[in-house]
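Novice: Sharing a structure with you now.
Throughout, read-outs are computed from the coordinates displayed, never taken from laboratory work. Note that the structure is a prediction, hence the values are computed from the model and not measured. FYI the Cβ positions are ideal-geometry reconstructions off the backbone, even for glycines, and counts take in every protein chain you see.
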Amino acid sequence: MKIWEPVAAIVAQRVVAVVRTDDAGTAHAAVSQLFAAGLRAVEISLTTPDALAVIAESAVPSEAFLGAGTVLDEASAIAARRAGASFLVTPTLDPAVIAAGRRHGIPTVPGVASPTEALRALEAGADLVKLFPGSAWTPASLRDVLAALPQLSLVPTGGIALTEAARYLDAGAVAVGLGSGLTRGDPADIAPRVASLLAQLADR
C-alpha cells in the first residue's frame with residue numbers, strides 16, 4: 001500500500017463510513033456489510049471493544065481500506081498500524097499521531113474544531129482534516145472557511161444526516177464521515193442506505 005492510496009479512495013468516493021459499536025461481533029458485521037455494499041473506506045473506532053482484533057481479522061476487498069478511528073495518542077496509532085489499519089482518524093489534533101503516521105507510512109485525518117486548528121493540522125503533515133463535530137459546521141460556514149483557506153481538504157464528520165451529505169460536498173468538503181446513519185438497526189438495511197448515499201454523491 002502506498003500512503004496516498006487510502007486518501008485517493010476517500011476523495012474519489014467522497015465518504016468514510018464510521019463504525020462504533022458496543023461489541024466486536026456487531027462491528028465485524030457492519031464492516032463486512034459496508035464493504036459488500038461498495039464503500040471503499042471504512043473506519044472502526046477504537047472505542048469499540050476489541051477494535052484492533054476486528055481490524056486484524058476483517059476481510060478487506062481489493063482497492064478498499066479499513067482505518068482506525070478515535071486514535072488518541074502515538075501508542076494507539078502504532079498499535080492500529082500493526083493491526084493492519086490503512087489510515088488513522090482522530091477526534092482531536094495531536095501532532096504526535098500525525099508524526100507517527102508519517103513515520104509508519106499511513107495517512108492521518110486529525111480532528112479539528114476551528115480554522116486555526118485546521119491549518120495547524122495541515123502544517124503538521126495531515127493528509128486530510130476532519131471537522132469535528134461536523135454538525136457544528138453548516139455548509140455555509142464550511143464554504144466561508146474554504147474561501148480563506150482553500151488549501152484545506154476538509155472531511156466534516158459527526159452528526160451529519162445522510163440527506164445532508166451532498167450539501168457539505170457542494171460547499172467544498174472533499175468527503176464526509178457518516179456513522180450511525182449508515183449502520184444503525186438491522187445490518188440488512190446497510191446496503192440500500194449505501195446505494196442511496198452513493199447515488200446522491202455521484203458526480204459531485
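Novice: Neighbour counts of other C-beta atoms within 10 Å: give me K2, K130 arranged from fewest to most. Can you show the working numbers first?
Specialist: Details: K2 9, K130 30.
Ranked by crowding around the Cβ, least crowded first: K2, K130.
Novice: If you don't mind, another one. Please give the charge dipole size of segment 4-201, origin at the Cα centre, charges +1 on K and R Cβ atoms and -1 on D and E Cβ atoms. Round to the nearest 20 debye.
Specialist: 300 debye
Novice: Further, regarding this structure: In debye to the nearest 20, how big a dipole does segment 1-98 give about its Cα centre with +1 on each Lys and Arg Cβ and -1 on each Asp and Glu Cβ?
Specialist: Values: 6 positive and 10 negative charges, 65 e Å.
Roughly 320 debye for segment 1-98.
Novice: Just to confirm my numbers, what's the Cα centroid distance between segment 132-204 and segment 27-104 in Å?
Specialist: When both Cα centres are located, 19 Å separates them.
Novice: On to the next question. Taking the Cβ of L149 as the centre, find all other residues whose Cβ is under 14 Å away and add up their charges (Lys, Arg: +1; Asp, Glu: -1). Working shown, then result.
Specialist: Working: positive: R120, R143; negative: E117, E123, D144.
Neighbourhood net charge equals -1.
Novice: Then there is this: Between L149 and T163, what is the label-point separation in nm under the 7 Å Cα-to-beta-carbon projection?
Specialist: In this crude spin-label approximation the distance works out to 3.1 nm.
Novice: Sticking with this structure for a sec: Can you find, among V42, V155, A68, the residue farthest towards the positive end of the dipole of the chain? Put +1 on the C-beta of Lys and Arg, -1 on that of Asp and Glu.
Specialist: V155
Novice: Suppose a student asked you for the relative contact order of segment 4-201, using Cα pairs under 8 Å spaced at least 6 residues apart; what percent would you report?
Specialist: Details: 403 pairs, mean separation 40.7, N = 198.
Normalised by residue count, the contact order of segment 4-201 is 21 percent.
Novice: Determine the calculated [θ] at 222 nm for the chain from helices alone, applying -39500 (n - 2.57) to every DSSP H run no shorter than 4 residues and normalising by the residue count; nearest 500 deg cm²/dmol. Don't jump to the answer; show the numbers that get you there.
Specialist: Details: 10 runs with 91 residues, N = 204.
Dividing the helical sum by the residues of the chain leaves -12500 deg cm²/dmol.
Novice: Order these by the 10 Å Cβ neighbour count, fewest first: W137, W4. Don't skip to the answer; put the middle values down first.
Specialist: Numbers: W137 23, W4 11.
The most exposed by this proxy come first: W4, W137.
Novice: What ratio of Cα Rg to 2.2 N^0.38 Å holds for segment 4-201? Let's see the in-between values first.
Specialist: Working: Rg = 15.3 Å, N = 198, 2.2 N^0.38 = 16.4 Å.
Relative to the 2.2 N^0.38 Å estimate, segment 4-201 comes out at 0.93.
Novice: Please give the FRET efficiency for R103 paired with D186, using the beta carbon to beta carbon distance and R0 = 41 Å, rounded to the nearest 0.05. Before the final figure, lay out each step's value.
Specialist: Working: r = 41 Å, r/R0 = 1.00.
Once rounded, the FRET efficiency stands at 0.50.
Novice: Take H104, H28 and order them by how many other Cβ atoms sit within 10 Å, fewest up front.
Specialist: Details: H104 15, H28 20.
Neighbour counts put them in this order, fewest first: H104, H28.
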